[in-house]
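Read through the structure below, which is laid out as structure tokens, and then see the notes.
What follows draws every value from the coordinates through simple rules; no lab data is involved. Everything numeric in this text was worked out from a predicted model, so none of it was measured. Counting neighbours? That spans all protein chains shown, and the Cβs are built from the backbone with ideal geometry, glycine included.
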Ligand code: NDP
């Protein structure tokens, strides 16, 4: 068996077009504000990709670049101004932040209704109990990928590797809401390989280059690789040893070209959802 390779770029392009059409049909121009602190090269690239996608979808977008030595109070004041600005639907503060700023303080300062990253505790809580919420973009994009590929989630045994609040935990919550039977594994899991071998759906979000070996993958499993890792020789690889897993899996997402583009498309979906909600239209439940 050779796995179907999931083309995240193509799925994301369709999703972005759908979002643009939905915004036009609703007669609104959603507005996204991205705040970046400092000039970190990777952050700059991520921010540029996000704002370019927003502009291409016909959204209004603005990038606010703040000096790397801004105080926490200074950044919180910017967030409050955006919260109060009726012309802004979505606010995203690009992480990581410099050490003088507590990321949690910033996340909690964002109006939950404008929290298009879905990191605010109000949105995390709503997701946990299956209420309408803004969902973290990466796990939301993974769910879209699974759905578009026709992977049966209800009743499936799913294993999520990694329990961060931005990927692993919300991923497990979304799969649970979609009626999978979910195992959330992490660095203290006793036998990671054995857990993975039981998975019909395996989501790797660990940040360890090619941790998941081919013989960890059950025959026919859907393998979604969230990891982005740079090897010593400069290659970009995921958390899954792609070539090894290919003959075992039923579906597999590559790195790059898998989950990454889905994350950005999901951000546009969230910005549209926030814009609609602010105009009184509540978009349905997370799963
Ligand atoms: P974090 O570092 O916040 O979390 C990593 C998780 O993996 C932790 O729960 C940790 O366990 C677990 N872990 C680490 N090492 C091991 C191990 N050897 N065995 C089992 N579990 C382990 O990472 P993120 O969730 O932020 O990101 C994960 C990966 O996804 C990264 O490569 C990141 O770059 C990528 N990413 C990609 C995105 C995209 O758009 N494609 C978006 C966001 C992230 P413990 O909790 O016990 O410490």
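How large is the helix-only mean residue ellipticity at 222 nm for the chain, computed as the sum of -39500 (n - 2.57) over DSSP H runs with n ≥ 4, divided by its residue count, in deg cm²/dmol to the nearest 500?
For the chain, the value works out to -12500 deg cm²/dmol.
State the volume of the convex hull built on the alpha-carbon positions of region 68-176, expressed per residue in Å³ and rounded to an integer.
117
What number does region 55-94 give for Rg over Rh if you use C-alpha atoms and the Kirkwood radius?
1.01
Label-point separation (nm) for residue 14 and residue 279, each offset 7 Å from Cα along Cα-to-Cβ?
2.6
How big, on average over all directions, is the shadow cast by the Cα convex hull of region 16-98, in nm²?
Averaged projected hull area, Cα only: 5.5 nm².
Looking only at 30, 103, 261, which one moves most when the chain is put into a Gaussian network model with springs between Cα atoms under 10 Å?
103
Zone of residue 55 (label point 7 Å along Cα→Cβ, backbone N under 17 Å): which residues in region 2-37?
Counting backbone N atoms under 17 Å from the label point, the list is 30-36.
Report the equivalent ellipsoid semi-axes for region 111-158 in whole Å, largest first, defined as the square roots of five times the eigenvalues of the gyration tensor built from alpha carbon atoms.
24, 12, 7
Go ahead and run the numbers for FRET between residue 2 and residue 100, Cβ-Cβ distance against an R0 of 51 Å, rounding to 0.05.
So, using R0 = 51 Å, E works out to roughly 0.50.
How many percent of the alpha carbon pairs in the chain exceed a separation of 30 Å?
Here the long-distance tail beyond 30 Å is 30 percent of all Cα pairs in the chain.
Multiply the residue gap between residue 85 and residue 131 by 0.36 nm, knock off their C-alpha separation, and tell me the result in nm, one decimal place.
Residue separation times 0.36 nm, minus the Cα-Cα distance, leaves 14.0 nm.
Rounded to whole Å, give me the distance from the Cα center of region 54-87 to that of region 132-206.
Region 54-87 and region 132-206 have Cα centres spaced 31 Å from each other.
In a GNM of the chain with a 10 Å cut-off on Cα contacts, which of 149, 222, 54 has the highest mean-square fluctuation?
149
Counting alpha carbon pairs within less than 8 Å and at least 6 residues apart, what relative contact order, in whole percent, applies to the chain?
After rounding, I find 23 percent.
Note the direction-averaged projected area, equal to a quarter of the hull surface, for the Cα convex hull of region 133-210, in nm².
Mean projected area of the Cα convex hull: 5.2 nm².
Given a Förster distance of 35 angstrom, what is the FRET efficiency for residue 193 paired with residue 62, based on the Cβ-Cβ distance and rounded to 0.05?
Working from the Cβ atoms, E equals 0.15.
Provide the gained length on full extension for the span residue 164 to residue 69, in nm with one decimal, where the gain is 0.36 nm per separating residue minus the Cα-Cα distance.
Stretched fully, the residue 164-residue 69 segment lengthens by 31.5 nm.
Note the full-extension length gain between residue 25 and residue 233 as 0.36 nm times their separation in residues minus their Cα-Cα distance, in nm to one decimal.
Length gained, residue 25 through residue 233: 70.1 nm.
To the nearest Å, what is the center-to-center distance of region 250-282 and region 1-53, using C-alpha atoms only?
Computed from Cα coordinates, the inter-centre distance equals 7 Å.
For region 128-287, rounded, prolate or oblate, judged on the Cα gyration tensor with a ≥ b ≥ c (square roots of eigenvalues), a/c < 1.5 rounded, else prolate if a/b > b/c?
prolate
Please tell me the relative contact order of region 60-126 in percent, rounded to the nearest whole number, where contacts are Cα pairs under 8 Å and at least six residues apart.
31
Over region 132-178, what number does the Rg to Rh ratio reach, with both radii from the alpha-carbon atoms and Rh per Kirkwood?
Result for region 132-178 is an Rg/Rh of 0.93.
With springs connecting C-alpha atoms under 10 Å apart, model the chain as a Gaussian network and identify which of 76, 45, 268 has the largest mean-square fluctuation.
45
In region 203-287, if every C-alpha pair distance is counted and binned at 10 Å from zero, what percent goes to each bin?
Binned Cα distances yield the sequence 18, 37, 23, 17, 6, 0.
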